[in-house]
Amino acid sequence: MASPRLENYLRTYRKRSGLTQREVAFLLGSKNGAQLSRYEKQRRLPPLRTALAFEAIFKIPLAELFAGLRESVGREISGRIEKLDADVQAHNNSKRQTRLNARKRSWIAEHHGPDFSSNT
Amino acid sequence: MEGPEQQRILALDVRPRSFAFVVFEDSRQVLDWGARSFRGGVNAVRIPLGPKVARLLDEYVPEVLVLKYPQTKTVKQIIQVIRKQARAYKIPVRIVSPRVLQETFIGHNRNKHQIASAIAERFPELLYILPPKRKPWQSEDYRMGIFDAVAVGIAYFAQEVTESPSQTD
């Protein structure tokens, strides 16, 4: 079975590029590589601006750079989508509400797979 | 179902005063590599062997820790310390025998530099750390340990792939 992905692959892509932490820190606009080291060791999460800067530096999509984090967020969202879907299904008080809920459920089925909203 | 070549492994090449490591995501991808010293005596390093291995295990959470069969008593003792760390993290340890290593690099096994060059060809990201060919009067470059660790990892995957069909029988 494949191992769960690491939270981020910043070190992997940096080492593949041959750049040092100090050089990447320079590209990020930091004074030194200390904060980058924390990001690489998964001790700190970079702010959105820095995360986008990583994407721009390594030319790798954020979802791939932060693969493990993306997966865990995806799992959390899937759980909540399931709950939301059940909630929407349970609340069909008026005709208008029914139409609105049907729209929501079809959107969920379209964007989050047919597993949800399958029993409409 | 995905096979053993999909595992994340930590391959180590242990020397009496240092070790080199390589982290594989699967048999075709290396995530990280490097060398760590744990020399003692007057110039002892601040962080000893145990915590250095533990840090790697903690950071990469490998499924298997792969080591080369120890040839000397000192290395055997060092491997005991590494095994203890792996046990604490509940990570199984696999030992690759010299025979498996030789069989994996059949055709390239004329000398270590040729094996390292073959590895650098397979993993181009390691090309920039390939040390120049050693002169007979020079000692071995520390980076050669990284290539030895990669060789251990490749041999492990080769061994697992050949053995896994028989395990399912």
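Per-structure values
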{"item": "Members of A:Lys15/B:Lys84; A:Lys31/A:Lys59; B:Lys52/B:Lys76; A:Lys83/A:Lys104; A:Lys41/B:Lys90 lying beyond 24 Å, as alpha-carbon distances in this model show", "result": "A:Lys15/B:Lys84"}
{"item": "Farthest positive-ward along chain A dipole, Cα basis, beta-carbon charges - from A:His112, A:Gln89, A:Gln21", "result": "A:Gln21"}
{"item": "Candidates A:Gln97, A:Gln89, A:Gln21, ranked by Gaussian network fluctuation over chain A, Cα under 10 Å, top entry", "result": "A:Gln97"}
{"item": "Residues with amide H under 5 Å from that of B:Gly34, placed H, sequence gap 5 or more", "result": "B:Phe21"}
{"item": "Shielded residues, region B:41-62 - accessible-area loss of 10 Å² or more between chain alone and all protein chains, probe 1.4 Å", "result": "B:Arg55, B:Glu59, B:Tyr60"}
{"item": "5 angstrom amide H check on B:Gln29, placed H, neighbours 5+ away", "result": "none"}
{"item": "Options B:Pro16, B:Ala158, B:Gln6, ranked by Cα towards positive dipole end of chain B, top entry (Cβ charges)", "result": "B:Pro16"}
{"item": "Point-charge dipole on Cβ atoms (K/R +1, D/E -1) for the protein assembly as shown, about Cα centre, debye to 20", "result": "1260"}
{"item": "Separation between Cα centres of region A:53-98 and region B:6-37, rounded to whole Å", "result": "35"}
{"item": "Accessible area, probe 1.4 Å, largest first, for residues A:Glu110, A:Glu82, A:Glu71", "result": "A:Glu110, A:Glu82, A:Glu71"}
{"item": "Which of B:Ala44, B:Gln71, B:Ile146, positive extreme of dipole for chain B (C-beta unit charges)", "result": "B:Ala44"}
{"item": "Debye, to nearest 20: dipole size of region B:84-169, +1 on Lys, Arg Cβ, -1 on Asp, Glu Cβ", "result": "400"}
{"item": "Tensor-based shape of chain B (alpha-carbon gyration tensor, a/c under 1.5 rounded, otherwise prolate or oblate)", "result": "oblate"}
{"item": "Most to least packed among B:45-56, B:140-151 [average Cβ atoms within 10 Å]", "result": "B:140-151, B:45-56"}
{"item": "Choice from A:Asn32, A:Asn93, A:Asn101 with maximal GNM fluctuation in chain A (Cα, 10 Å cutoff)", "result": "A:Asn93"}
{"item": "Mean ellipticity per residue at 222 nm, deg cm²/dmol - from DSSP H runs of n ≥ 4 across chain B, formula -39500 (n - 2.57)", "result": "-13500 deg cm²/dmol"}
{"item": "Accessible-area composition of the protein assembly as shown, carbon plus sulfur, in percent [1.4 Å probe]", "result": "52"}
{"item": "Residue with peak Gaussian network fluctuation, chain A [Cα springs, cutoff 10 Å], from A:Leu19, A:Leu65, A:Leu36", "result": "A:Leu19"}
{"item": "Global geometry of region B:100-147, whether rounded, prolate or oblate, following the gyration tensor of its Cα atoms and the 1.5 cut on a/c", "result": "oblate"}
{"item": "Helical mean residue ellipticity (222 nm; -39500 (n - 2.57) per DSSP H run of 4+; nearest 500) of chain A", "result": "-20500 deg cm²/dmol"}
{"item": "Computed accessible area, B:Asp58, all protein chains, 1.4 angstrom probe, square angstrom", "result": "100"}
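The values are calculated or read from the model by the stated rules, or taken from the named source; none is laboratory data. Computed from a predicted model, the values in this text were never measured in an experiment. In this analysis, Cβ positions are derived from the backbone assuming ideal geometry, glycine residues included, and neighbour counts consider all displayed protein chains. Ligands, DNA and RNA are excluded from the accessible area calculation, which covers all protein heavy atoms including side chains. Shrake-Rupley method; radii C 1.70, N 1.55, O 1.52, S 1.80 Å.
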